[in-house]
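The values are calculated or read from the model by the stated rules, or taken from the named source; none is laboratory data. If you're wondering where the values come from, they're calculated on a predicted model, not measured in any experiment. We place every Cβ from the backbone using ideal geometry, glycine too, and count neighbours over all the protein chains shown.
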């Protein structure tokens, strides 16, 4: 039986084993998928050992996506540009292949599952960390009218602009105008906070998306609703959709994400 796992620190909260078990059942694939917590300083040594022990591939989460980027022998262009890898696969010749599926996951959820158009839209993306970097190129490929990326630190967002000249960099303080879609890529919701945004960014036609998720609406989505956003969605669908892309890389079969999102939503509510 092929073995896979998600690698992170911590890992006990991860829904990935549940997600991939549902994928395997749906697609009639026989595999084993678990969560493995790694010490922060031992990524390369431990992952090589796990591959030697017979694992066929891994998902990689916080804080190891940069380590995975440095670890692989071969990667996709989208992974190279994002400087981030969340999917590892051992090839037939023994080399390690890497990819990032976060951007695919975001677009699949927003455009296909939620039905929000991205083309010709004014989009605001909040944050400048790895989660944001991984989704910039797919968002630009969706042909928005404008993609503004705002962050507390001007230096970090200007570094993103060096790599992705098509974006419009900004700090939170400098933001102005209104947007069709606002995507929160910061971790503020994990601590119940909201990025320090000026008034007037959203209106009754704005759709708001948080890459974070939880049993109840995140702090960012509560703020969005209080400011009369047209629609709000959290990142659970993104999580499932990026996992489906990893599953496809490993197994050559792309699962249907909708029933898995529904099952996870019910389990979170219990």
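Being assigned to a strand (DSSP E or B), crowded, with 17+ Cβ neighbours inside 10 Å and assigned by TED's automatic domain parsing to the domain that holds residue 230 is not true of residue 139.
So, in the stretch 174-194, exactly how many residues are in a loop (DSSP other than H, G, I, E, B) and either crowded, with 21+ Cβ neighbours inside 10 Å or out of contact with any strand residue (DSSP E or B) (no Cβ under 6 Å at 6 or more places or on another chain) (or both)?
The number of residues fulfilling the criteria is 12.
If you take the residues of the stretch 118-136 that are out of contact with any strand residue (DSSP E or B) (no Cβ under 9 Å at 6 or more places or on another chain) and at pLDDT 95 or above, which of them is farthest from residue 7 (Cα to Cα)? Give the derivation first.
Just the residues of the stretch 118-136 that are out of contact with any strand residue (DSSP E or B) (no Cβ under 9 Å at 6 or more places or on another chain), to begin with: 119-120, 130-131, 133-134.
Applying the additional criterion that residues be at pLDDT 95 or above yields 119-120.
On the way: 119: 35, 120: 37 Å.
Ranking the qualifying residues of the stretch 118-136, first place goes to 120.
Taking the condition of being touching a helix residue (DSSP H, G or I) at 6+ places or on another chain (Cβ under 7 Å) and over 18 Å from residue 151 (Cα atoms), how many residues in the stretch 193-216 meet it?
Of the stretch 193-216, the ones touching a helix residue (DSSP H, G or I) at 6+ places or on another chain (Cβ under 7 Å) are 193-195, 202, 208-213, 215.
Remaining after also requiring over 18 Å from residue 151 (Cα atoms): 213, 215.
The qualifying residues number 2.
Starting from residues that are in contact with a helix residue (DSSP H, G or I) (Cβ under 7 Å, 6 or more places away or on another chain) and surrounded by 19 or more Cβ atoms within 10 Å (Cβ to Cβ), keep the ones in the stretch 43-57 and report whichever is nearest to residue 260 (Cα to Cα). Steps first, answer last, please.
First pass over the stretch 43-57, keeping only residues in contact with a helix residue (DSSP H, G or I) (Cβ under 7 Å, 6 or more places away or on another chain): 43-44, 47, 56-57.
When the remaining residues are screened for being surrounded by 19 or more Cβ atoms within 10 Å (Cβ to Cβ), the result is 43, 47, 57.
Working: 43: 30, 47: 28, 57: 21 Å.
The qualifying residue nearest to residue 260 (Cα to Cα) is 57.
Filtering 234, 228, 210, 199 for residues that are at positive phi and either crowded, with 20+ Cβ neighbours inside 10 Å or free of Cβ contacts under 8 Å to residues at least 40 places away in the same chain (or both) leaves a single hit, 228.
A quick yes/no check of all residues on (1) more than 21 Å from the chain's Cα centre (by Cα); (2) buried (at least 16 other Cβ atoms within 10 Å of the Cβ); (3) without any contact (Cβ under 8 Å) to a residue 40 or more places away in the chain:
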residue: 6; (1), (2), (3): no, yes, no
residue: 21; (1), (2), (3): no, no, yes
residue: 41; (1), (2), (3): yes, no, yes
residue: 80; (1), (2), (3): no, no, yes
residue: 102; (1), (2), (3): no, yes, no
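Selection of the stretch 237-270 for residues being buried (at least 24 other Cβ atoms within 10 Å of the Cβ) and out of contact with any helix residue (DSSP H, G or I) (no Cβ under 8 Å at 6 or more places or on another chain) yields only 246.
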